[in-house]
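Beneath this line is the structure, given in structure tokens, with notes to follow.
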There are 2 protein chains.
Amino acid sequence: MSGVSERMIRHYETIGLMPAAARQGSGYRDYDEKDVHRLRFVARARNLGFAIDDIRQLLSLWDNGDRASADVRALALSHAAALGEKVDALQAMRKELLHLADLCHGDGRPDCPILDRLSG
Amino acid sequence: MSGVSERMIRHYETIGLMPAAARQGSGYRDYDEKDVHRLRFVARARNLGFAIDDIRQLLSLWDNGDRASADVRALALSHAAALGEKVDALQAMRKELLHLADLCHGDGRPDCPILDRLSG
DNA sequence: TTGAACCTTGACACCATGTCAGGGTCAAGC
DNA sequence: GCTTGACCCTGACATGGTGTCAAGGTTCAA
């Protein structure tokens with residue numbers, strides 16, 4: 001229902017993102033609507049790339065009816081900035097790779113500017 | 001000299017990226033120019049975001065004087081494509097976060113479109 | 001001789017997730 | 001009531017790349 005795997009549901013319980021699940025007599029975990037809702041929240045946050053610790057904070061803001069939206073916004077912006085840095089780094093790598101690939105004739109001959117660049 | 005930490009030099013030896021280092025009588029590892037050169041190769045490849053397994057292949061191409069530059073180029077292009085996908089994914093996240101942050105008034109009030117979006 | 005600065009191996013940690021093993025439970029069909 | 005298959009339980013190991021720590025050995029200079 002939440003789209004979260006069994007494995008991860010239990011993991012989230014272990015690390016305290018989810019409360020300890022209620023248990024049936026057999027020991028099976030028992031979830032209610034609220035649990036599913038919370039899991040979906042976590043899943044959506046993960047899809048936006050938030051790390052577990054960020055999600056912990058988001059959940060506590062969500063739980064807290066007296067929160068200030070400014071705090072949520074700050075988390076989102078800080079995460080967006082982190083993503084921006086990652087994007088820049090990956091793009092720089094990608095650009096250089098494409099440039100090197102462009103220089104390389106890419107045929108049966110062994111000489112290759114890509115290896116030259118890597119070997120210094 | 002290579003810019004690679006002790007820790008990682010030994011790790012690369014453990015996983016077979018680097019040959020087992022020569023040893024002094026005391027058991028201390030002993031490196032020569034060639035080792036340093038190889039380590040630098042690995043470090044540069046890591047800086048371009050190549051994973052260890054890719055580097056393993058790059059090293060074997062580097063070692064092999066009969067290589068075809070086409071093979072090196074294919075590795076580089078495939079890695080660039082993978083980077084491109086990652087960039088796209090991160091950018092999509094970032095874009096949505098910025099959009100949500102834009103909608104959020106970000107003051108002392110608790111209502112917040114970011115949390116609304118996460119809670120569904 | 002002593003101390004500081006190195007080196008050795010081994011282990012544990014991160015983060016998020018998958019997978020497997022070895023066992024228990026439950027419900028449907030016979 | 002028994003079998004069978006589909007669940008569920010816990011615990012452990014793996015991934016990748018790196019940090020860090022501990023307990024011990026070595027080397028060199030003062």
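At 10 °C and 1.306 mPa s, what whole-number value in µm²/s does Stokes-Einstein give for the translational diffusion of region B:1-67, with Rh from the Kirkwood sum over Cα pairs?
Numbers: Rh = 12.5 Å.
Using the Kirkwood radius from Cα pairs, D works out to 127 µm²/s.
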Under the helix-only model (-39500 (n - 2.57) for each DSSP H run of 4 or more, divided by the residues of chain A), the mean residue ellipticity at 222 nm, to 500 deg cm²/dmol, is -21500 deg cm²/dmol
Region B:30-99: percent of C-alpha pairs farther apart than 16 Å? 59
Charges at C-beta only: +1 for Lys and Arg, -1 for Asp and Glu. How large is the resulting dipole of region B:1-67 about its Cα centre, in Debye rounded to 20? 160
Angle, helix B:69-103 long axis vs. longest principal axis of chain B, Cα atoms, 0 to 90°, nearest 10? 20
Of all trypsin sites (Lys or Arg not before Pro) in region A:44-120, the ones in DSSP coil with at most 11 other Cβ atoms within 10 Å are none
Residues of type lysines that B:K95 reaches as a straight line, Cα spacing below 25 Å, ignoring anything fewer than 8 places off in the same chain: A:K86, A:K95, B:K86
Tell me, for the rotation carrying A onto B, which chain A residue has the beta-carbon closest to the axis and what that distance is in whole Å. A:V87, 3
For chain B, with the dipole built from +1 on Lys and Arg beta-carbon atoms and -1 on Asp and Glu ones, taken about the Cα centre, which of B:W62, B:L83, B:L118 lies farthest toward the positive end? B:W62
Where the only charges are on Cβ atoms (+1 Lys, Arg; -1 Asp, Glu), what is the dipole of the protein assembly as shown about its Cα centre, to the nearest 20 debye? 260
Which one, B:I15, B:G27, B:A51, projects farthest toward the positive side of the charge dipole computed for region B:3-120 from Cβ point charges (K/R +1, D/E -1)? B:G27
Reported to two decimal places, what Rg/Rh ratio describes chain A when computed on Cα atoms with Rh from the Kirkwood expression? 1.25
Measure nothing but the geometry: give the 0 to 90° angle between the long axis through the Cα atoms of B:52-63 and the longest principal axis through the Cα atoms of chain B, rounded to 10°. 40
Calculate the translational D of region A:80-120 in whole µm² s⁻¹ from Stokes-Einstein, where the hydrodynamic radius comes from the Kirkwood formula applied to all Cα pairs, the temperature is 37 °C and the viscosity 0.692 mPa s. 282
Cα-derived Rg over Rh, computed across the protein assembly as shown with Rh taken as Kirkwood radius: 1.13
Could you work out how far the C-alpha centroid of region A:65-115 sits from that of region A:32-60, in angstrom? 26
Measuring from its Cα centre, chain B shows a charge dipole (+1 at each Lys and Arg Cβ, -1 at each Asp and Glu Cβ) which, in debye to the nearest 20, is 280
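None of the figures in this text is laboratory data; all of them are computed from the coordinates on show. Predicted model only: the values in this text are computed from it and were never measured. Glycine also receives a Cβ, built like all others from the backbone with ideal geometry; neighbour counts cover every protein chain displayed.
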